[in-house]
1. As an exercise: evaluate Ile78 against (1) closer than 25 Å to Glu15 by Cα; (2) outside any helix (DSSP H, G or I); (3) more than 10 Å from the chain's Cα centre (by Cα); (4) not aromatic (Phe, Trp, Tyr) and give the number of the one condition it does not meet.
2. Quick one: Gly91 ticks every box in (1) in contact (Cβ under 8 Å) with a residue 24 or more places away in the chain; (2) more than 12 Å from the chain's Cα centre (by Cα); (3) open to solvent by 20 Å² or more (accessible area, probe 1.4 Å) bar one, so which box is it?
3. Looking only at residues that are more than 18 Å from Met134 (Cα to Cα) and among the polar types (S, T, N, Q) in the range 51-73, which one is most open to solvent (accessible area, probe 1.4 Å)?
4. Would you check which residues across the range 1-17 are at pLDDT 80 or above and part of a helix (DSSP H, G or I) and list them?
5. Go through the range 23-36 and count every residue that is out of contact with any Ser or Thr (no Cβ under 9 Å at 6 or more places or on another chain) and in contact (Cβ under 8 Å) with a residue 40 or more places away in the chain.
6. If I ask for residues that are of a type in the set (A, V, I, L, M, F, W, C) and surrounded by fewer than 16 Cβ atoms within 10 Å (Cβ to Cβ), which ones from the range 34-50 would you list?
7. From the set of residues in the range 18-31 that are assigned to a helix (DSSP H, G or I) and either of a type in the set (A, V, I, L, M) or modelled with pLDDT under 90 (or both), which is least open to solvent (accessible area, probe 1.4 Å)?
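The values are calculated or read from the model by the stated rules, or taken from the named source; none is laboratory data. Because the structure is a prediction, the values reported are computed rather than measured. Here the Cβ positions follow ideal geometry from the backbone for every residue, glycine too, while neighbour counts run over all protein chains shown. The accessibility values were calculated without ligands, DNA or RNA, using every heavy atom of the protein model including side chains. Shrake-Rupley method; radii C 1.70, N 1.55, O 1.52, S 1.80 Å.
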Amino acid sequence: MAEKCNEEFEQIKVEKNAFEPGTLDDELRVDQLCKELLLRFYQETCAQGVDEAEATDLASGADYFIRDFVVSIKQLNIFSERPGIVRQFAGNWYIVNTLEPNGAEVGRHLRGVQAFYRFLYGHGLISLQHLRAMEKECADTAYYESRIDSFWDIKGDGYGAWERECTLRGDRP
């Protein structure tokens, strides 16, 4: 991939509606579109002077959020400007779907998510307002670490209260 890290890049032309999941076939198609966009993100990150290992970490963090959570779990178009989606990911879904959730790992994912949304903004694919909202959610690492700690502290039937604080239900953060 090193040779691809030195390419000049044109503005991305993306049909945002093509990223709308619906049926299983749609989800598979959208997943492939996301892979292609994430590869472009990786290549441009390398081209900006980020070493390949760090670019891989950023792309992997964004990939986990975009493909596994936004598309597969939330069934959302990745260009939907929905505040609270990172909070749902890092404050709930990541925690309950990871064997040993920890602050360092969620922080790596969030750095990738933040870099990916900056990439999208740099190509005019999301608004500045949405970028700022995503950056703010990604920066709230103390909250996510407290959610991990409180998850480990759940006793008896306390899961329901824990989940309601940062629910995955509906569009609420």
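1. Looking at each condition in turn, Ile78 falls short on (3).
2. Of the numbered conditions (1) in contact (Cβ under 8 Å) with a residue 24 or more places away in the chain; (2) more than 12 Å from the chain's Cα centre (by Cα); (3) open to solvent by 20 Å² or more (accessible area, probe 1.4 Å), the odd one out for Gly91 is (3).
3. Thr56
4. Here is the first cut: in the range 1-17, the residues at pLDDT 80 or above are 13-17.
Those that are at pLDDT 80 or above and part of a helix (DSSP H, G or I): Lys16, Asn17.
5. The qualifying residues number 2.
6. Across the range 34-50, the qualifying residues are Leu39, Ala47.
7. Applying the filter and picking the extreme gives Val30.
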